[in-house]
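The values are calculated or read from the model by the stated rules, or taken from the named source; none is laboratory data. Note that the structure is predicted; figures quoted are calculated from it, not measured. For neighbour counting, all protein chains shown are included, and Cβ atoms are generated from backbone atoms with ideal geometry for every residue, glycine included. With ligands, DNA and RNA removed, areas are computed over all heavy atoms of the protein, side chains included. Shrake-Rupley method; radii C 1.70, N 1.55, O 1.52, S 1.80 Å.
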Amino acid sequence: MTKTVHHWIGGKTFEGTAGTSGRFGSVTDPATGEVTTRVAFAAAEEVDQAVAIARAAYTTWGTSSLAQRTTVLFKFRALLDANRDAIAELITAEHGKVHSDALGEVARGLEIVDLACGITTQLKGELSTQVSSRVDVASIRQPLGVVAGITPFNFPAMVPMWMFPLAIACGNTFILKPSEKDPSASMKIAELLAEAGLPAGVFTVLHGDKVAVDALLAHPDVAAISFVGSTPIARHIHTTASANGKRVQALGGAKNHMLVLPDADLDAAADAAVSAAYGSAGERCMAISAVVAVGAIGDELVEKIRERAEKIKIGPGNDPTSEMGPLITAAHRDKVASYVKGAAAQGCEVVLDGTGYTVDGFEDGHWIGLSLLDHVPTTSDAYRDEIFGPVLCVLRAETYEEGLALINASPFGNGTAIFTRDGGAARRFQLEVEAGMVGVNVPIPVPVGYHSFGGWKDSLFGDHHIYGNDGTHFYTRGKVVTTRWPDPADGPSGVDLGFPRNH
């Protein structure tokens, strides 16, 4: 029997009321194509109800002690660690990624929980004494209120954990609108937070589609919106929420380049290109989707990538021998395939064509093989668009300067990498490239939890990156307090408190 995933409102599963839409979405097992779950879609009335409960919870959570908040977070961290396999299994069942990759996702999310557990040092204010006679000035940071996060399908546990641990550690209440394609991981997280002692209403999960999103963007009691997804939607989120007076961090799409210089270790570069392009079936915003080969190394590098790509084992995510799983939906699989099928007509050399790939015994799964395109023109669709699948484009450049110019001409500026043995070239690249995250001989430069994640140009809308110091600042607002107190020695005569009158 198909299970149903409902919302999490007021610290418990919430099945809706008579006034809601009664709409549901379907969740499939990507390995089989079978519908395994239906997920409730929130109506505007349910959004209003959830926000009201979160707002009521904020009245006490926002003034709770840092000790109380961190105690809950430490308990949650222990529960999350103990349940990482269970969460990874939910991710594999609904997203399709292999179990080891799903475990890695949970581990990276744990980094931000660790950061939130130490929020006491992040929220320390500043104090200047005697700025004038008996005048002190203090700067403090306070929570915003009710904040919301809208997260994508590709990391159903990690990306929410980029948001809510810091948000609730700072004293906010948090409403999560996860992807309707793989909703179960967020519900497991909600259960663990409740088990850790988080008060009802501090963390909410609302499932749904554009109806729920638009209601959150317009709601007057939602103070801030965090988003990760495609560039067109990120732009819409930023524009709409900002127009409604909200603070916004909206992370968009990417076309991440890897520049390979002639002096690079080509075996290391090929290993990195394969893992960064095809890991998680290419469904990640930090995937390397374009390799720029400089000079005469291109043919050798492409051959090394091809040799490695042909050995990758594709299969169900719960098969320990699988290295890459299926794509999230059949529609997405077909869209990814269309870029490969149309590549030759747009001037690309198709080295590997992964379209039409199937897995024996799982013929109805959302399968696609690894594709490798060489001599890719910058005018081709395969280069210009964010494909979000296991398709790697190789471009050629004669010089470092030509390769850099090619990268900087991209409208995206999320992440990039350079492979070289030359420290001077690497230093120059990290200063000259127009991207928010740079790897030097590191293909996927996702920052650790205490450094912030975010791109440039069409990869980020809003002023704040996500997690790290930027995350703490995003979920709080500053206040400056100027104070003057009279000296007790200046008090009226009568009671002597023992302060000598010596001035």
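All conditions in (1) in contact (Cβ under 8 Å) with a residue 40 or more places away in the chain; (2) on the phi > 0 side of the Ramachandran plot; (3) part of a loop (DSSP other than H, G, I, E, B) hold for Ser280, with the sole exception of (3). Does the range 411-421 contain at least one residue that is among the aliphatic types (A, V, I, L, M), open to solvent by less than 20 Å² (accessible area, probe 1.4 Å) and free of Cβ contacts under 8 Å to residues at least 60 places away in the same chain? Within the range 411-421, none of the residues are among the aliphatic types (A, V, I, L, M), open to solvent by less than 20 Å² (accessible area, probe 1.4 Å) and free of Cβ contacts under 8 Å to residues at least 60 places away in the same chain. Within the range 319-353, being touching a strand residue (DSSP E or B) at 6+ places or on another chain (Cβ under 7 Å), part of a helix (DSSP H, G or I) and not hydroxyl-bearing (Ser, Thr, Tyr) holds for Val336, Val340, Ala344. Once the range 288-332 is narrowed to residues that are closer than 22 Å to Leu251 by Cα and open to solvent by 10 Å² or more (accessible area, probe 1.4 Å), the residue that is farthest from the chain's Cα centre (by Cα) is His332.
The strands (runs of 3 or more DSSP E) falling completely within the range 1-60 that include 1 or more residues that are basic (Lys, Arg) map to 3-5, 12-14, 34-40. Taken over the range 355-390, residues that are open to solvent by less than 10 Å² (accessible area, probe 1.4 Å), closer than 28 Å to Gly295 by Cα and of a type outside the set (A, V, I, L, M) amount to 5.
Any idea which of (1) free of Cβ contacts under 8 Å to residues at least 60 places away in the same chain; (2) closer than 23 Å to Pro152 by Cβ is the one Arg77 doesn't satisfy? Result: Arg77 passes all but (2).
Are any of the residues in the range 391-398 open to solvent by 30 Å² or more (accessible area, probe 1.4 Å), touching a helix residue (DSSP H, G or I) at 6+ places or on another chain (Cβ under 8 Å) and either outside any loop (DSSP other than H, G, I, E, B) or more than 19 Å from Gly295 (Cα to Cα) (or both)? Full working, then the answer.
Step one: list which residues in the range 391-398 are open to solvent by 30 Å² or more (accessible area, probe 1.4 Å), which gives 396, 398.
Pick out the ones that are also touching a helix residue (DSSP H, G or I) at 6+ places or on another chain (Cβ under 8 Å) and you get 396, 398.
If we keep only those that are either outside any loop (DSSP other than H, G, I, E, B) or more than 19 Å from Gly295 (Cα to Cα) (or both) as well, we get 396.
Yes: one or more hits.
Among the numbered conditions (1) modelled with pLDDT under 95; (2) closer than 20 Å to Gly252 by Cβ; (3) among the basic types (Lys, Arg), the only one that Lys177 does not meet is (1). Checking each residue in the range 236-256 for being on the phi < 0 side of the Ramachandran plot and assigned to a loop (DSSP other than H, G, I, E, B) picks out Asn244, Lys246, Gly252, Gly253, Ala254, Lys255. For the residues Arg38, Arg84, Arg23, Arg55, the requirement of being modelled with pLDDT under 95 and open to solvent by 30 Å² or more (accessible area, probe 1.4 Å) singles out Arg23.
A count restricted to the range 200-235 and to residues that are assigned to a loop (DSSP other than H, G, I, E, B) and either buried (at least 18 other Cβ atoms within 10 Å of the Cβ) or among the aliphatic types (A, V, I, L, M) (or both) stands at 8.
Could you run through the range 138-160 and say how many residues are part of a helix (DSSP H, G or I) and open to solvent by 10 Å² or more (accessible area, probe 1.4 Å)? If you could, list the steps in order and put the result at the bottom.
The initial filter retains those residues of the range 138-160 that are part of a helix (DSSP H, G or I), namely 158-160.
Now drop any that are not open to solvent by 10 Å² or more (accessible area, probe 1.4 Å), which leaves 158.
The qualifying residues number 1.
If the condition is being buried (at least 19 other Cβ atoms within 10 Å of the Cβ) and farther than 11 Å from Asp381 by Cα, then the range 337-351 contributes only Ala337.
To keep it simple, each residue is scored yes or no on (1) more than 17 Å from Leu251 (Cα to Cα); (2) touching a helix residue (DSSP H, G or I) at 6+ places or on another chain (Cβ under 8 Å).
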site	(1), (2)
Val440	yes, yes
Pro445	no, no
Tyr450	yes, yes
Gly455	no, no
Gly471	no, yes
Tyr475	no, yes
Val481	yes, no
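Residue count for the range 99-129, restricted to those that are assigned to a helix (DSSP H, G or I), open to solvent by 50 Å² or more (accessible area, probe 1.4 Å) and among the small types (Gly, Ala, Ser): 1.
Met163 meets each of the listed conditions (1) over 19 Å from Lys75 (Cβ atoms); (2) outside any strand (DSSP E or B); (3) open to solvent by 10 Å² or more (accessible area, probe 1.4 Å); (4) in contact with a Gly (Cβ under 7 Å, 6 or more places away or on another chain) apart from (3).
Scanning the range 466-488 for residues that are closer than 26 Å to Gly62 by Cα, open to solvent by 40 Å² or more (accessible area, probe 1.4 Å), of a type outside the set (D, E, K, R) and not in a strand (DSSP E or B) gives Asn469, His473. Take the conditions (1) open to solvent by less than 20 Å² (accessible area, probe 1.4 Å); (2) out of contact with any strand residue (DSSP E or B) (no Cβ under 7 Å at 6 or more places or on another chain); Ser132 misses just one of them, which is (1).
Just a yes or no: is a residue in the range 267-277 under 17 Å from the mean Cα position of the chain (by Cα) and in a loop (DSSP other than H, G, I, E, B)? No: zero hits.
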